[in-house]
1. Hey, can you tell me all the residues within the range 98-112 that are at pLDDT 80 or above and farther than 12 Å from residue 82 by Cβ?
2. If you take the residues in the range 86-102 that are without any contact (Cβ under 8 Å) to a residue 40 or more places away in the chain and assigned to a strand (DSSP E or B), which one is surrounded by the fewest Cβ atoms within 10 Å (Cβ to Cβ)?
3. Would you mind stating whether residue 195 is crowded, with 16+ Cβ neighbours inside 10 Å and either more than 16 Å from residue 113 (Cβ to Cβ) or over 16 Å from the mean Cα position of the chain (by Cα) (or both)?
4. Within the range 145-186, which residues are outside any strand (DSSP E or B), surrounded by 14 or more Cβ atoms within 10 Å (Cβ to Cβ) and at pLDDT below 90?
5. Need the failing condition index for residue 126 against (1) touching a helix residue (DSSP H, G or I) at 6+ places or on another chain (Cβ under 8 Å); (2) within 28 Å of residue 217 (Cβ to Cβ), just the number.
6. Which ones in the range 27-59 are touching a residue at least 60 places away in the same chain (Cβ under 8 Å) and assigned to a strand (DSSP E or B)?
7. Can you name every residue in the range 6-20 that is modelled with pLDDT of 90 or more and in a helix (DSSP H, G or I)?
């Protein structure tokens, strides 16, 4: 079983899936529709039309016209659900048609998203306990609340240390996060550090969007390979 399969729990067409769609509608859940690498539309669910269709609140702005299935993400009470869906835009009403299964991010995976080994990222530690440093860091995983990184032993990190990170992930803009080291262990000739972000000093209000986009991107690539 691949790592991606362990992340996603499959919910096939079934009574359970129908109940989920009804619940999404009753909670007016947010839904993100990934049109392209640079275009993700956010709206929310208005009504479930059994068995396959969700009516959405009609979004403002331009909506690309597409004929292929798109990856979507639905957030419900802290859980993430994904699916492949067709978009129907009548000009006055907006629908998603989900004929296949829904995939839920399993809880043990939902807090930290582990990036593929070859995922393009350029990250560094620029501050440690108030001192300026310049040390490259490998990003292992990330969530809205923290991340894990790998750094050289020469950095001399300890649990509780205050740390500042510059993070450049994929083609997205660089951003800065501050936090504290919550665990530190030596793996081969590197430190692996767990970092909890300090939300009071976050300089990037787009961190949630970044993690959301990474999940949608991972699901989109995985679902195309199936």
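The values are calculated or read from the model by the stated rules, or taken from the named source; none is laboratory data. All values reported here derive from a predicted model rather than from experimental measurement. Neighbour counts run over all protein chains shown; Cβ positions are idealised from the backbone, glycine included.
1. Correct list: 99 only.
2. Of all residues in the range 86-102, those without any contact (Cβ under 8 Å) to a residue 40 or more places away in the chain come to 86, 88-93.
If we keep only those that are assigned to a strand (DSSP E or B) as well, we get 86, 88-89.
Numbers: 86: 16, 88: 13, 89: 15.
Per the criteria, the residue is 88.
3. Yes, satisfied.
4. Residues of the range 145-186 that are outside any strand (DSSP E or B), as a first pass: 145, 153-161, 170-174.
This time we only want the ones that are surrounded by 14 or more Cβ atoms within 10 Å (Cβ to Cβ), so: 145, 155, 157, 161, 170, 172.
Residues satisfying the conditions are 145, 155, 157, 170, 172.
5. (1)
6. Residues of the range 27-59 that are touching a residue at least 60 places away in the same chain (Cβ under 8 Å), as a first pass: 31-34, 37, 40.
Result: 31, 32, 33, 34, 40.
7. Within the range 6-20, 16, 17, 18, 19, 20 meet the criteria.
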